[in-house]
Amino acid sequence: MVIGVFGGSFNPVHNGHVSLAREVVARGLADKVMMVVSPLNPLKENPASLIDDSLRMEMLRLACAPYPELEASDIELSMPRPSYTVDTLRKLSAENPHDSFRLIIGADNWECFDRWKSHGEILRDYSPIVYPRRGCVMPGEDSPATPMWADLLPVSSTEVRERLARGREVNNLVPPAVLDYIRANSLYS
Ligand code: ATP
């Protein structure tokens, strides 16, 4: 099976994330997408708005639950820190030797990709899928990475957090089960 790997803080996961992950599968670029929540970095100053790993992971699980092609993964939460994407990909390959993995990244990350740890290995072994970000350059025709021209939903986790903090609705921005969880646990209020 070909598995797309889509990482993020998912603070919280929103409809833009879910729709992009499903689009990767709908276009036949992967059979399934693993959404990997990144841990709080104990070596870095984290923004006060970044909530606990376990809460972000639970929301990711709820967001993926309706879709058999999506899976929430906590693999990075138990890895030594700081964790690098290549280490996550290597661990996934070692644990799932019959599957192949593809990295899913935005064009913002693609622009500085040659500064990523072991980027040559990622390009060779984890053929990246790159989605557009406003104003950022996409892979060219001779690139080993695959451009995925998709319109992203105009939503960000920052917008969701800000709306919640002001007591505004986020009904159309996050999956219903995630919204219920946010309300039940009084998150971002
Ligand atoms: P924040 O507003 O807190 O910076 P975010 O909405 O960008 O968060 P992240 O968890 O940082 O969410 O994103 C994980 C990945 O999802 C990022 O690599 C980012 O490029 C991508 N992403 C962000 N917004 C969208 C969107 N609307 N649709 C699809 N993907 C998105």
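The values are calculated or read from the model by the stated rules, or taken from the named source; none is laboratory data. None of these values were measured; they are calculated from a predicted model. Please note: Cβ atoms are built from the backbone with ideal geometry, for glycine as well, and neighbour counts cover all protein chains shown. Just the protein is used for accessible areas: all its heavy atoms, side chains included, with ligands, DNA and RNA removed. Shrake-Rupley method; radii C 1.70, N 1.55, O 1.52, S 1.80 Å.
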For region 23-84, run through the trypsin sites (Lys or Arg not before Pro) and keep only the ones in DSSP coil with at most 14 other Cβ atoms within 10 Å of their Cβ.
Arg27, Lys44
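Tally Lys and Arg at +1 and Asp and Glu at -1 over the other residues with C-beta under 11 Å from the C-beta of Val33: what net charge comes out? Intermediate values should be presented prior to the final figure.
Working: positive: Arg22, Lys32, Arg102; negative: Glu23, Asp31, Glu69, Glu71.
With Lys, Arg at +1 and Asp, Glu at -1, the net is -1.
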If you count only protein heavy atoms with a 1.4 Å probe, what accessible area per residue comes out for the chain, rounded to a whole Å²?
52 Å²
Interchain or long-range residues, amide H under 5 Å from Arg102's placed H:
Ile3, Gly4, Val5
If the viscosity is 1.002 mPa s and the temperature 20 °C, what Stokes-Einstein diffusion coefficient in µm²/s follows for the chain when Rh is the Kirkwood radius over Cα pairs?
125 µm²/s
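Which value in Å is the Kirkwood Rh of region 1-80 over different Cα pairs? Please list the in-between numbers first.
Numbers: mean 1/r = 0.0770 Å⁻¹.
Result for region 1-80, one decimal place: 13.0 Å.
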Measuring from the longest principal axis of the C-alpha atoms of the chain, the long axis of helix 85-95 (C-alpha) lies at a number of degrees, nearest 10, equal to 80 degrees
For the chain, what is the relative contact order in percent, using Cα pairs closer than 8 Å and at least 6 residues apart in sequence?
24 percent
Suppose every Lys and Arg Cβ carries +1 and every Asp and Glu Cβ carries -1, with no other charges. What dipole size does the chain come out with about its Cα centre, to the nearest 20 debye?
380 debye
The answer for trypsin sites (Lys or Arg not before Pro) in region 77-171 that fall in a DSSP coil and have at most 14 neighbouring Cβ atoms within 10 Å is Lys117, Arg134, Arg166, Arg168
Nearest 10 degrees, 0 to 90: helix 15-26 Cα axis against the chain principal axis:
30 degrees
Among Val5, Leu70, Ser54, flag the residue with its Cα farthest along the positive direction of the charge dipole of the chain, charges on Cβ as +1 for Lys/Arg and -1 for Asp/Glu.
Ser54
